[in-house]
Amino acid sequence: MSSPCCGFLAQYTHHHLVAFLLTFFSYVLLHASRKTFSNVKVSISAQWTPSVQNASSPAFSPGETWEENNLFADSDGATLFLGVLDTIFLFSYAVGLYMSGVIGDRMNLRYVLSFGLCGSAIVEFVFGTLTEWLQFYNIYLYCGLWVLNGLLQSAVWPCVVAVMGNWFGKSGRGFVFGLWSACASVGNILGAFLASSVLKYGYEYAFLVTSVLQFAGGVVVFFGLLTSPKEVGLCLESETGLRPVEKDADSHRPLMSDEEDEEGSEEVCDGGYYTIRQGDEEPRETPKAIGFCQAFCLPGVLPYSLAYACLKLVNYSFFFWLPFYLSRNFGWKEAQADRLSVWYDVGGIIGGTIQGLISDFMGKRAPVLAVSLLLAMGALVGYSHSPPDQVVNAALLATTGFFIGGPSNMISSAISADLGRQEALRGSQEALATVTGIVDGTGSIGAAAGQYLVSVIESKLGWMFVFYFFIVMTGCSIVFILPLIVTEIRAMWRERRARAQEL
Amino acid sequence: MTAGSSQRNAAVALLIFHLYLYGSYQLTELQVCHLCNRTVQNSTALGQFCSASAGLVDGCCCLLRKENTSNADYLIGLDLSNCSLSHVEDLQEASTAAMIDISLNPIVQLNNSLFQGFIQLDNLILPVNLTCPGGNASWNKMEVKGDTRHCEGQKDICNQTGHLSLNCPENSLCAAYGPGFFECSCVDNFHGYKCLREGKFPIIKVFGILGASTVLVSILLWVTQRRKVTSA
């Protein structure tokens with residue numbers, strides 16, 4: 001068991017490690033600053049409103065300390081506006097994703113990534129810290145800044161997935177990407193801890209710390225990232241003989257396609273595509289970037305995008321609204337609620353990694369997703385009836401995170417990489433960033449619509465109906481990937497029968 | 001003639017002297033002291049209070065000259081009685097007063113927040129048709145003497161238990177702020193809007209460390225990674 005493992009790892013150089021860590025941490029920092037916003041919602045809401053008193057009691061004095069700011073008359077108005085901000089952010093993020101994927105496949109990934117990180121950091125600084133220092137509160141300024149933030153942040157994800165796809169090939173992709181896609185959850189955890197420790201100085205310092213960190217991350221990425229092995233003359237290693245997880249010759253195939261294995265294929269140093277080269281007939285061309293519509297029409301992109309829209313809705317609603325729900329519903333303090341919401345992300349990390357590993361062993365992704373999503377529906381029911389005990393709540397949160405975060409992480413990373421490197425592309429087109437952009441963009445539109453719906457449902461019907469809404473959405477995502485599940489299960493049965501016949 | 005000119009000289013000298021005195025009073029020319037065109041009489045309660053406290057009379061005010069602060073007068077008494085005032089708008093200049101007399105005036109109604117901030121006020125004399133501001137809970141002794149109402153001994157509304165439950169929000173303490181008023185001031189180390197913020201953020205320390213590590217990591221990574229770039 002040790003030699004295949006070491007062999008598995010031997011193909012990776014320190015460049016691989018640095019690429020993994022840099023992309024991992026740039027997305028961690030991005031998510032940390034996003035999480036900061038959701039964790040300081042209660043404090044921002046308090047800053048924007050005057051003090052609440054019964055109608056009969058006089059207002060508190062001195063007015064500067066208690067009554068002066070009335071951007072919103074009461075906390076309900078502030079909450080609604082915060083929901084609107086979330087929605088605006090996600091919509092502009094979705095639009096930006098469609099564009100950034102296309103841009104990333106055409107321009108230097110390193111420049112786009114650094115630009116996105118540093119630009120977004122500056123906007124966040126202006127949004128949270130500068131407005132507070134200047135005591136300038138304005139609804140339109142906040143909306144405009146957050147739209148800009150969404151557009152800039154959208155540059156990051158397609159680039160990091162593309163860089164990872166360049167460095168890490170087919171074998172063990174599920175596991176490596178599963179581990180790597182923990183970056184979003186790690187970012188949430190980091191953001192939660194940063195916010196809760198700095199929050200006592202004032203919410204503007206939470207924004208300050210995370211935006212400066214993100215800017216520093218952008219600088220480090222600019223100076224240290226190699227976007228692909230080709231830059232230093234390395235080849236993406238071929239997987240001949242170093243596959244501990246797959247036991248038959250079919251493993252050359254991407255896990256998505258149904259095509260037969262080609263005999264006598266040679267692995268060529270072309271960024272991980274499995275193409276056939278007969279001699280030296282064709283001069284190698286630099287791969288062209290794929291068009292948006294072509295990428296959209298690739299097999300598997302549409303069902304996974306729609307499924308991801310539903311799933312990301314649930315995932316992001318937990319992400320954005322959980323601390324708020326915990327402090328409003330159970331009456332816990334904001335800092336406590338922040339720390340508790342970490343458990344959801346812990347579950348997501350473990351879920352993504354383990355499910356990626358399982359899907360690598362099985363050679364199939366969709367069945368793993370389906371089982372996990374079915375169990376997720378049960379977990380949501382369980383969580384909605386959670387008692388006000390912090391330990392039980394944390395355990396249920398972790399379970400829910402495992403079953404929802406796992407598929408979510410897989411679709412957005414490993415499966416996007418699979419889709420972007422299909423046989424159908426035949427090595428002639430760069431599609432990874434574009435496909436990632438499409439999948440995540442559709443997901444973000446779903447999440448954006450969901451944010452608004454969550455705040456509407458909550459104010460009209462209460463939190464229980466919000467959970468029912470989540471369960472319905474999870475069901476919908478299963479429905480969308482049903483055709484793929486059916487295909488893959490049929491393929492599994494065929495293989496098993498074929499193997500049984502051989503014996 | 002000479003007597004007249006010397007008298008004129010004396011008047012001029014006195015005028016200059018008074019101007020100098022008024023000039024040395026600087027900006028503390030309190031408007032409220034000249035609402036009435038008379039000075040505090042020794043026979044009134046306020047006059048007796050003023051002489052007992054060794055204060056100076058200026059118009060309707062009784063002032064105490066403070067030794068340490070230069071030329072800043074400290075108003076301790078105000079006498080606006082029998083002034084034909086139909087309404088009293090703003091007495092904020094007299095917020096340090098310990099005794100105020102506005103009796104014998106045709107005032108119909110007192111502004112609710114008129115005495116907000118009057119933490120030293122221990123003796124208030126009103127026309128009999130008005131009630132003591134803050135009511136029973138704010139004054140130790142309230143009595144009617146003829147056609148004046150006397151409110152004496154301001155009570156600290158924060159210390160009281162009873163139907164008035166004064167809850168200052170988190171991180172703030174109740175402090176008396178005049179008869180019937182209270183102020184919520186931030187507790188030690190808390191500051192800012194709604195007393196939400198605690199302490200001072202160590203900006204220099206945090207960002208010094210951050211900047212240094214960024215520079216170090218960037219250099220390290222550039223040397224190990226990007227320096228070996230072969231193709232564009």
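Scan (1) open to solvent by less than 60 Å² (accessible area, probe 1.4 Å); (2) touching a helix residue (DSSP H, G or I) at 6+ places or on another chain (Cβ under 7 Å); (3) modelled with pLDDT of 60 or more; (4) within 26 Å of A:Ser100 (Cα to Cα) for the single condition A:Pro287 breaks and write down its number.
(2)
Within the range A:192-203, track down each residue that is within 9 Å of chain B (Cβ to nearest Cβ), open to solvent by less than 20 Å² (accessible area, probe 1.4 Å) and in a helix (DSSP H, G or I).
Within the range A:192-203, A:Val198, A:Tyr203 meet the criteria.
Just checking: which of the helices (runs of 4 or more DSSP H) contained wholly in the range A:60-142 hold 1 or more residues that are more than 14 Å from chain B (Cβ to nearest Cβ) and open to solvent by 40 Å² or more (accessible area, probe 1.4 Å)?
In the range A:60-142, the matching helices (runs of 4 or more DSSP H) lie at A:75-106, A:109-125.
Kindly list, by first and then second residue, each pair from a residue in the range A:93-108 that is within 14 Å of A:Thr227 (Cβ to Cβ) to a residue that is open to solvent by less than 10 Å² (accessible area, probe 1.4 Å) and not polar (S, T, N, Q), limited to pairs with Cβ atoms under 6 Å and residues at least 6 apart or on different chains.
Going by the 6 Å Cβ cut-off, the qualifying pairs are A:Gly104/A:Pro158; A:Gly104/A:Cys159; A:Gly104/A:Ala162; A:Gly104/A:Ala433; A:Asp105/A:Ala433.
Only residues in the range A:140-155 that are in contact (Cβ under 8 Å) with a residue 40 or more places away in the chain count as the first member; pair them with residues that are assigned to a helix (DSSP H, G or I) and open to solvent by 50 Å² or more (accessible area, probe 1.4 Å), Cβ under 7 angstrom, at least 6 apart or cross-chain, and list the lot.
A:Ala155/A:Phe115
Residues are listed down the side, and each one gets a yes or a no for (1) open to solvent by 60 Å² or more (accessible area, probe 1.4 Å); (2) touching a strand residue (DSSP E or B) at 6+ places or on another chain (Cβ under 8 Å); (3) farther than 22 Å from B:Gly146 by Cβ:
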position	(1), (2), (3)
B:Leu80	no, yes, no
B:Leu85	no, no, no
B:Gln92	yes, no, yes
B:Met99	no, yes, no
B:Pro106	yes, yes, no
B:Asp122	yes, yes, no
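Looking at the range B:215-223, can you tell me whether even one residue there is open to solvent by 70 Å² or more (accessible area, probe 1.4 Å), closer than 30 Å to B:Thr96 by Cα and either acidic (Asp, Glu) or modelled with pLDDT of 90 or more (or both)?
There is no residue in the range B:215-223 that is open to solvent by 70 Å² or more (accessible area, probe 1.4 Å), closer than 30 Å to B:Thr96 by Cα and either acidic (Asp, Glu) or modelled with pLDDT of 90 or more (or both).
Residues being buried (at least 17 other Cβ atoms within 10 Å of the Cβ), without any contact (Cβ under 8 Å) to a residue 60 or more places away in the chain and farther than 22 Å from A:Leu322 by Cα: count how many of those fall in the range A:363-389.
1
Give just the number: which of (1) touching a helix residue (DSSP H, G or I) at 6+ places or on another chain (Cβ under 7 Å); (2) at pLDDT 90 or above does A:Val371 not satisfy?
With (1) touching a helix residue (DSSP H, G or I) at 6+ places or on another chain (Cβ under 7 Å); (2) at pLDDT 90 or above applied to A:Val371, the lone miss is (1).
For the range B:123-232, which fully contained strands (runs of 3 or more DSSP E) count at least 1 residues that are facing chain A (nearest Cβ under 7 Å)?
Counting at least 1 such residues, we get B:182-186.
Count, please, the residues in the range B:35-67 that happen to be more than 16 Å from B:Cys83 (Cβ to Cβ) and assigned to a loop (DSSP other than H, G, I, E, B).
Residues in the range B:35-67 being more than 16 Å from B:Cys83 (Cβ to Cβ) and assigned to a loop (DSSP other than H, G, I, E, B): 7 in total.
What tally of residues in the range A:326-339 results from selecting those that are open to solvent by 10 Å² or more (accessible area, probe 1.4 Å) and part of a helix (DSSP H, G or I)?
Going through the range A:326-339 one residue at a time, the tally reaches 7.
Return the pair list, or none, for Cβ contacts closer than 8 Å from residues in the range B:76-88 that are of a type in the set (S, T, N, Q) to residues that are open to solvent by 30 Å² or more (accessible area, probe 1.4 Å), at least 6 apart or on different chains.
Once the first residue is of a type in the set (S, T, N, Q) and sits in the range B:76-88, its partners that are open to solvent by 30 Å² or more (accessible area, probe 1.4 Å) give B:Ser81/B:Thr44; B:Ser81/B:Leu104; B:Asn82/B:Leu104; B:Ser84/B:Pro106; B:Ser86/B:Pro106; B:Ser86/B:Val108.
Does B:Lys145 meet the test of being open to solvent by 30 Å² or more (accessible area, probe 1.4 Å) and more than 17 Å from B:Pro179 (Cα to Cα)?
It is true that B:Lys145 is open to solvent by 30 Å² or more (accessible area, probe 1.4 Å) and more than 17 Å from B:Pro179 (Cα to Cα).
The values are calculated or read from the model by the stated rules, or taken from the named source; none is laboratory data. Quantities reported herein were computed from a predicted structural model and do not represent experimental measurements. Don't worry about glycine lacking a Cβ; one is built from the backbone with ideal geometry, like all the others, and counts go over all protein chains shown. The protein model used for the area step is the full one, side chains on, heavy atoms only, and it has no ligands, DNA or RNA in it. Shrake-Rupley method; radii C 1.70, N 1.55, O 1.52, S 1.80 Å.
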